[in-house]
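Worksheet: one structure, shown below.
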Amino acid sequence: MQESGPTLSGPYRVLAFDSGIGGLGIVRAIRALSPLIQVDYLADTAVFPYGEQEDAALTERIISLVSHAVARLRPQAVVIACNTASTLALDALRVACPAIPFVGCVPPIRWAARQTKTGVIGLLATRATIRRPYLTRLHALYAPQCTLIAHAAPHLASYAEQVFRGHPVPDSAIYKDIEGLFNHPDSARLDAVGLGCTHYTFMLDRLRRLTPPTMAWLDPASAVARQCCTVLQALPPTHGHTAPPEQAWFTAYPQDAQALAMHLPAYGFDGINLWDTPTPAAHPCPA
């Protein structure tokens, strides 16, 4: 049974941000919790995938892009629906936009530590998330008693983009991308694996089918949605004029845009809108 979020008293407006379609899983979870939350979506498809970008330039881009989106769309809260962006730029975004609450996505290490019965947990993520000190701190804080097998899947986010569009991806390709989880000396005791990239939401059924039935795959999308509801509960609802329609924005036309657009209505959006990406000179977030 799905957990319910806090009871909200009125309409709210939220911005969800990701590098591609991964954050749409969180949008779906937010909509499932409350019909009172209106969501705009911004995908930075111009530089997808984030996991392969250089840290300093990517941080500056995220801060500029999200700051301009906050100024333009006026959300009451922002969900950084991307593990790479969260582990890299969440603190900097809170400094750049101090009046806006941010909800991030972090690798579900604590959840895995609570779930495991063997003391061996896994994380499937992008290379950028795996190599950051943030992950080491999470392990030390929340699962020091557990062995962590962290694997960077180089192609899984791109496979998720294809699966979302309805294109076939062979099981053999998917398994090759995740088999590093099963090459560790303690892999035989691995029983809980956290998803460290929001794109992997759309691969969850395949991951479960390709691995032993005793393996728990932990998708934090619902937990992020509940946290978003908790944050909104402390804010006043929107008032006044009718809000503009919820829209999905993309910083460049995504690959195979027609196939992607066909699936957007299931997430509450009527099509693809091209975002006018600003120069990274100024951060216009309201104080």
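None of the figures in this text is laboratory data; all of them are computed from the coordinates on show. Just so you know, these numbers come straight off a predicted model, no measurement behind them. Don't worry about glycine lacking a Cβ; one is built from the backbone with ideal geometry, like all the others, and counts go over all protein chains shown.
Between helix 55-73 and the chain there is an angle of about 40 degrees, using the helix long axis and the longest principal axis of the Cα atoms. Taking GluC sites (Glu not before Pro) in DSSP loop conformation with at most 15 other Cβ atoms inside 10 Å as exposed sites, the chain has its longest uninterrupted site-free stretch at 55-287. Taking each residue as 0.36 nm, the span from Q115 to Q258 lengthens on full extension beyond its C-alpha to C-alpha distance by 47.5 nm. For the chain, the longest principal axis of the Cα atoms and the long axis of helix 133-142 meet at an angle of about 70 degrees. As a length-normalised measure over Cα pairs under 8 Å and 6 or more apart, the relative contact order of the chain settles at 28 percent. Think of the chain as having a plus end and a minus end, set by charges on the Cβ of Lys, Arg, Asp and Glu; of V66, T45, L218, L218 sits farthest toward the positive end of this dipole.
Relative to the longest principal Cα axis of the chain, at what angle does helix 83-96 sit, 0 to 90 degrees, rounded to 10? The helix 83-96 is inclined about 40 degrees to the chain. Calculated [222 nm] ellipticity per residue, helices only, for the chain: -11000 deg cm²/dmol; basis is -39500 (n - 2.57) per DSSP H run with n ≥ 4, divided by all residues, nearest 500. Once backbone amide H atoms are built at 1.01 Å from N, A248 has Y41, D270, G271, N273 as its partners under 5 Å, excluding neighbours fewer than 5 places away on the same chain.
At full extension, Y134 and A71 could sit 19.8 nm farther apart than now, given 0.36 nm per residue minus the alpha carbon distance.
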